[in-house]
Each structure stands twice: as C-alpha cells, then as structure tokens.
Amino acid sequence: MKYIICKDYKELSCRAADEIAGVLAAKPNAVLGLATGSTPEGLYAELCRRYAAGEIDFSQATGFNLDEYYPIRPEHPQSYHFYMDRHLFLHVNFDRARVHIPDGSTDDPEEECAAYDAAIEAAGGIDLQILGIGQNGHIGFNEPAPALIAGTHPTALTESTLGANARFFAPGESMPHSALTMGMAPILRARKILLLVSGAAKRSVMRRLREGTITTDLPASLLLTHPDTLVLCDREAYPGD
Ligand code: F6R
C-alpha cells in the first residue's frame, strides 16, 4: 500500500483524476470501479471539467459502481443512481449501456447481486477501483463483521454508517437500512485500487489502518493484501507516523 499525502482536497481530487486519465490513456476501454459519497465529488467535478476541455474520453470505458441502498428507487434523489447522474454521467460521454449500478429496486436482491458479479467477470474484471472509507473502516458497504462476504451481496448497514449517511437525507425522511454492495472479492481482484481519504473525521480510521493489522473488523485493512493500492490522503485525514 503506497501513500501520497496531498496538501488539500483539491490536490487529492486532481491526483485522483490524473490516475483515471492515465488508465484511460493506456486503455480507452478500461473498466472503472466507481464510488459515491462526499469524497469522490471533487474527483468527479474534475473529470467533468477535463471532459468539457476535451482532455478525457469515456466513450469506450465501462463503469461498475460499488453499491446502492436497498430498497430504493433509482430516481430517488439519495439513490446512488441519482448521485452518479448528477455528479458524472450527465456531464461526460460514458456509454449508458456500459455503466452499471446495483438495482436497489429489485424484487430479487440475491439474483441481482449474482448477475452483478457475472457482469463484472464478463467485462474482464476491474482495471481501476476507486474507493472511499467509512469512519468504521468499511469499503463499499462491507461493514465490520466477524466474517466478510466475498461476492456482491445484500447487507444491513451498521449504526455507524446510518449515522454518517443520515446527513444526506432530509430530516424525518426514512433512510434505507440495507444496501447491495460489491463484495470483497471483486474489489480485491481489481488490478489497481485508489483509496481516497479526506478530512479530519477519517484520521482515527486511518490511524487504525496504518497499524498494519489485517482484520475483518476493519474491512479496509484487507487492502493491505493487495499488490497495487494507492492511498490518496489529504493532510487533514493523515494521522502522521
Ligand atoms: C460509497 C461507498 C462508501 C463510501 C464511504 C465514505 O459508494 O461505498 O464506502 O466510500 O462511506 O463516504 P464519504 O466519502 O461520504 O465519507
């Protein structure tokens, strides 16, 4: 696991965009694993800016998002479908037939998850996986637990995640308590992983990650087994040595 400490969120977002641009320059039909949440918003804004400036082309790329709430309609303003449209897909030239997000409105979540893993495999696996990290150490919605599930699966969200994400929902609005998430296996099979970490609220989870212990109680620690993970961390989130 390599670290680049960025002076601020803007630099982190630009460096993350450089990584995506580099992958697409080398392989225009690359398969990108995409994340939602606050952290990648700056990255997506930068990708939209570069696309408008004619500097990047997504026309041959494929996207697989990490997760989606369950149950939720894709048109719900807090769905990750809606998020991806708003922050990226409506502004760049991704081919809609090649972007994938788990369907949070399915009647058969198990079947949806199995089909999602099959689609990732059929696409040849993920070339570059973008990740954020939860304050509890989750990646995707692989929450801390005595055991982690390999494949894409339905999962209950923990109190920590429900608390952290409640900020996105209007007061009084009910928030889904479950999600469909890519499992640890497709994430760890990605050829390269980019973990984005920003803000003082992530400093304590980063301190735990830097201890170097691998435990399912800190799902992000499994990234320590991956041969090509780059952590882009801003100074606020970096706990020091
Ligand atoms: C989002 C996701 C989550 C977030 C994590 C951090 O698709 O899978 O693991 O990356 O919860 O969220 P933010 O960036 O909002 O702190």
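A few comments on the model shown:
- Sequence-separation-based contact order of the chain, relative, with Cα cut under 8 Å and 6+ spacing, percent: 26
- Residues whose amide H comes within less than 5 Å of that of residue 192, counting only those at least five positions distant or on another chain, are 128, 129 (H built at 1.01 Å from N in the peptide plane).
- Positive-end residue, the chain charge dipole about Cα centroid, Cβ charges, pick of 150, 185, 201: 201
- Charge dipole (debye, nearest 20) of segment 32-143; +1 at Cβ of Lys and Arg, -1 at Cβ of Asp and Glu: 600
- Segment 103-119 - phi-based ³J(HN,Hα) in whole Hz, Karplus 6.51/-1.76/1.60, Gly and Pro as x: 8, x, 10, 5, 8, 10, x, 5, 5, 4, 5, 5, 5, 5, 4, 5, 5
- Beta bridges from DSSP with both residues in the chain: antiparallel share about 30 percent, rounded to the nearest 5.
- Charge dipole (the chain, unit charges on Cβ, about Cα centre) - positive-most of 115, 100, 128: 128
- In a simple Cβ point-charge model (Lys, Arg +1; Asp, Glu -1; nothing else charged), segment 1-60 has a dipole of about 120 debye relative to its Cα centre.
- Computed 3J(HN,Hα) for segment 126-132, one whole-Hz value per residue from the Karplus formula 6.51 cos²θ - 1.76 cosθ + 1.60 where θ = phi - 60°, is 9, 7, 9, 9, 8, 10, x, glycine and proline marked x.
- The Cα center of segment 29-43 and the Cα center of segment 142-159 differ in position by 21 Å.
- About its Cα centre, the dipole of segment 169-235 is roughly 260 debye, where the only charges are +1 on Lys and Arg Cβ and -1 on Asp and Glu Cβ.
- Using θ = phi - 60° and Karplus 6.51 cos²θ - 1.76 cosθ + 1.60, couplings along segment 17-24 (whole Hz; Gly, Pro as x): 5, 4, 5, 5, 4, x, 5, 6
Since every read-out is calculated from the coordinates, none of them should be taken as a lab result. Since this is a predicted model, take the numbers as computed values, not measurements. For neighbour counting, all protein chains shown are included, and Cβ atoms are generated from backbone atoms with ideal geometry for every residue, glycine included.
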